[in-house]
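Values in this text are rule-based calculations from the coordinates and carry no lab data. The shown structure was predicted, so the numbers you read here are calculated from the model rather than taken from an experiment. With ideal geometry, Cβ positions are generated from the backbone for all residues, glycine too; neighbour counts draw on all protein chains shown.
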């Protein structure tokens with residue numbers, strides 16, 4: 001039996017992971033769960049999967065859950081320390097890292113330092129601390145297996161290939177809800193419209209990132225660290241059907257592609273079972289019924305954050321940290337209607353234009369840049385009003 005802890009169990013990836021595990025109950029068991037503030041759902045998960053340790057955001061929430069679970073043999077902890085305790089739990093074989101944003105960095109790092117397999121769905125951790133995570137994984141013996149569908153696709157394409165034979169890896173993007181929206185109308189788009197993703201059901205922050213396409217910009221940086229590829233070897237194509245999740249072009253001119261139905265349970269299951277594959281009850285890909293597979297170049301006038309992400313990818317050091325921090329603050333401001341949709345890119349661009357690049361080769365340095373950038377972004381937002 002493989003014992004699994006899930007960081008972010010009440011989110012979209014966490015819920016899908018639990019569904020995958022429930023279909024492979026003879027081989028996988030849930031040992032730990034870490035959530036935010038969704039006590040109701042976490043309580044249901046605990047009663048269904050019987051973990052040994054769970055964590056919530058605050059002491060008040062943890063005390064309440066502990067009372068509600070009285071009589072069950074489960075340890076309830078709280079706060080960032082509690083989440084890290086779940087990540088480091090001594091019985092873990094696999095940790096699914098699915099906490100969104102910079103909040104996922106410390107527990108992801110804790111899991112990597114424990115030397116277990118980390119099924120990585122928290123792209124921000126690799127964006128802001130890719131070199132640190134790779135170094136710690138090399139020291140501990142941890143495996144980092146990507147869960148994002150695009151990175152899982154590249155991972156699968158490269159499984160039997162030599163890195164020196166890769167010409168370029170191409171991530172695909174749906175284009176989000178505004179792919180065909182006239183540019184003049186983008187500034188008037190509401191949070192509700194931006195959250196109406198045409199293909200995937202995801203959390204609010206990553207859905208907005210999909211609308212701006214910064215999710216792909218962050219994934220370019222993540223791919224650089226996951227696969228050891230340089231900026232010139234990484235590219236993006238708009239693929240509205242979301243059937244081809246990634247492509248890898250080899251030096252001999254061959255192009256490999258990974259295709260599957262639009263369902264996150266496919267890459268989640270592969271991350272858990274790698275290098276083996278298990279039978280799934282998900283629908284097969286019926287290519288004969290698909291009328292067309294379309295691909296388009298990225299229009300940077302529509303998606304200006306892609307240019308900023310490429311600059312961060314090429315510059316490295318502290319710039320990816322600043323990019324991620326400024327974007328998280330700007331996205332939250334948009335969701336709260338403090339700024340318009342196109343203001344997200346304008347705010348991030350202004351912050352990056354003022355950023356003084358520095359080394360970000362330690363956790364303290366990363367978190368310091370993150371804090372400073374968030375404060376600067378908040379100050380800019382106040383000035384804009």
Calculate the length of the line joining the C-alpha centroid of the stretch 186-226 to that of the stretch 136-157, in whole Å. 21
Looking at the stretch 300-370 from every direction and averaging, what is the projected area of its Cα convex hull in nm²? 4.7
Here the convex hull volume per residue of the stretch 163-219, taken over Cα atoms and given in Å³, is 107
Of the candidates 240, 107, 275, which one comes out as most mobile in a Gaussian network treatment of the chain with C-alpha springs shorter than 10 Å? 275
Could you tell me which of rounded, prolate or oblate describes the stretch 54-184, using a ≥ b ≥ c as the square roots of the eigenvalues of the alpha-carbon gyration tensor, with rounded for a/c under 1.5 and, failing that, prolate when a/b is larger than b/c and oblate otherwise? oblate
Percent antiparallel among DSSP beta bridges confined to the chain, nearest 5, equals 25
With a ≥ b ≥ c from the Cα gyration tensor eigenvalues, square-rooted, and the rule rounded for a/c under 1.5, otherwise prolate when a/b > b/c and oblate otherwise, the chain is rounded
Got a sec? How would 302, 23, 224 order by Cβ neighbour count within 10 Å, fewest to most? 23, 302, 224
On the Cα set of the stretch 4-57, report Rg and Dmax in Å, please. 10.0, 31
For the chain, set up a GNM with springs between Cα atoms under 10 Å and report which of 130, 104, 187 has the largest fluctuation. 187
In deg cm²/dmol, rounded to the nearest 500, the helical mean residue ellipticity at 222 nm of the chain, built from -39500 (n - 2.57) for every DSSP H run of length 4 or more, is -14000 deg cm²/dmol
Sort all Cα-Cα distances of the stretch 227-299 into consecutive 5 angstrom bins from zero, then give the percent of pairs in each bin up to the one containing the longest distance. 3, 11, 18, 22, 20, 17, 7, 1
